[in-house]
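The values are calculated or read from the model by the stated rules, or taken from the named source; none is laboratory data. Only a predicted model underlies this, so the values are computations on that prediction, with no experimental measurement involved. Neighbour counts run over all protein chains shown; Cβ positions are idealised from the backbone, glycine included. Ligands, DNA and RNA are stripped out before the accessible areas are found, and what is left, the full protein with its side chains, is counted by its heavy atoms. Shrake-Rupley method; radii C 1.70, N 1.55, O 1.52, S 1.80 Å.
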Amino acid sequence: MLRNLFSLDTATARRVFGLDMMRAIAILIVVDAHATIALKEYYSGAFWHHLLPDGVELFFVLSGFLIGGILIRSYEKKQTFDRQLLLNFWTRRWFRTLPNYYLVLTGIILLSLLRAWANGLPNALPGAGTLVRYYFFVQNFASYVPDFFPETWSLAIEEWSYITLPLVLWAMHRLLAGQWSRQRIVLAAILFVIIGTNLYRFITALQVPVSEGELGYRGIVMTRLDAISYGVLAAYVKHYFPVAWQNDALRRRWLWLGLGLTVLAAFTSSIVILKFYGNMGLFPAYTFYKRTVYFPVIGLSMALLMPYMDGWRTATGGWAKFGISRAITHISLISYSMYLLNLTPIMMTFIDRIPTTSLAMGWVKVGLFWVLVLILSTLLYKFLEKPVTELRERLSAKEPTQLVGEQVDR
């Protein structure tokens, strides 16, 4: 009975294993970082953590690759970019993200009110105006996200990217369709977002003294509209340069280059070496780097991983034999639910309230945290996210899964 309750039929799901692997790695990195909160002062900071890529940035690039492919295929199949295509794209994206988000957000608010009422204390919620901003994804539009449900900074960036990039593509099609090919228009739209956002960061970085730090650019919508565009650029290469994309030798070279740059970017920006920047008098240069160049470097380095991972269509050998592939696919499927549930609803609301009286108790809390995250995320996916996604398939037009003339399942 329990097996049926938590089973997601991963064995029959038609998916790309390499992309599932990337998504699983991304969410595991994010949840692992939040798990250390349970250890309190007993957490000494494992060195290998400083070599890990930023899980959220990996999510951005993977999301950009997937939605970029959808936009390109839809545009090429229809040979125009009209209002119907735009509205259908948004409908399908919002069916995927909004129900889970609104359920968890509203649940956190109601639980806080109930807890305050039961204890006869004022609630710890921000003002009504701030809470309303969360429902429209403007909690961190031009400034850093408030302390309430802070992990949603990245979801807000994704949601606004889903709005802005298609709008730019629509506008460029309307203006340039008579003079430029669709391929050229797609590239222009991607570069417009990437170059425009980087220019905005660069100009504001010059205007604000370095002494004010990194400015929280990582978590502000206005400064991160390019976050998914590096993945969209990878989708552009896949669909318009398929020979290069499918070249095994190139895929391996791009993979190793991408891994090297990703680890280098993670390490050079980690807290473990900040003191060395200070000792060498490089801290101002580092701060400016983190405001500007760091974001395209980390985005492009992760985009270089996409050809190899996209070519890893199925799991074989030990991956399949020992059930590892099923576990990875399972985590990939529930990754969005894990993202929404792990920090504020589980860690901050429940786990962190248990006193950490020793290192052993801290690890018990870490174990309990992981168990709750995996179980509750599976249930949320199975009983809300998956049914809503299936409803989406009945209420919206299906998006093409391949370009016209492209071979199926190469």
>> Every residue in the range 261-276 that is in contact (Cβ under 8 Å) with a residue 40 or more places away in the chain, open to solvent by less than 40 Å² (accessible area, probe 1.4 Å) and not aliphatic (A, V, I, L, M), please.
In response: THR262, SER270
>> Out of TYR230, TYR200, I need the residue that is part of a helix (DSSP H, G or I), crowded, with 21+ Cβ neighbours inside 10 Å and of a type outside the set (S, T, N, Q). Which one?
In response: TYR230
> So is MET361 in contact (Cβ under 8 Å) with a residue 40 or more places away in the chain, out of contact with any strand residue (DSSP E or B) (no Cβ under 7 Å at 6 or more places or on another chain) and among the aliphatic types (A, V, I, L, M) or not?
Replying inline: no
> From the set of residues in the range 368-399 that are outside any loop (DSSP other than H, G, I, E, B) and polar (S, T, N, Q), which is most open to solvent (accessible area, probe 1.4 Å)?
Replying inline: THR389
>> Can you say whether GLY362 is open to solvent by less than 30 Å² (accessible area, probe 1.4 Å), modelled with pLDDT of 95 or more and of a type outside the set (Lys, Arg), as far as the supplied structure shows?
In response: yes
> What's the number of the condition PRO53 fails, among (1) under 26 Å from ARG23 (Cβ atoms); (2) in a helix (DSSP H, G or I)?
Replying inline: (2)
> Do we find a residue being closer than 17 Å to TYR240 by Cβ, over 26 Å from the mean Cα position of the chain (by Cα) and either open to solvent by less than 70 Å² (accessible area, probe 1.4 Å) or at pLDDT below 95 (or both) anywhere in the range 186-194?
Replying inline: no
> How many residues does the range 243-291 hold that are in a helix (DSSP H, G or I), modelled with pLDDT under 90 and among the hydroxyl-bearing types (Ser, Thr, Tyr)?
Replying inline: 2
> Of all residues in the range 93-144 being of a type in the set (A, V, I, L, M), part of a loop (DSSP other than H, G, I, E, B) and more than 19 Å from LEU340 (Cβ to Cβ), which is modelled with the highest pLDDT?
Replying inline: ALA142
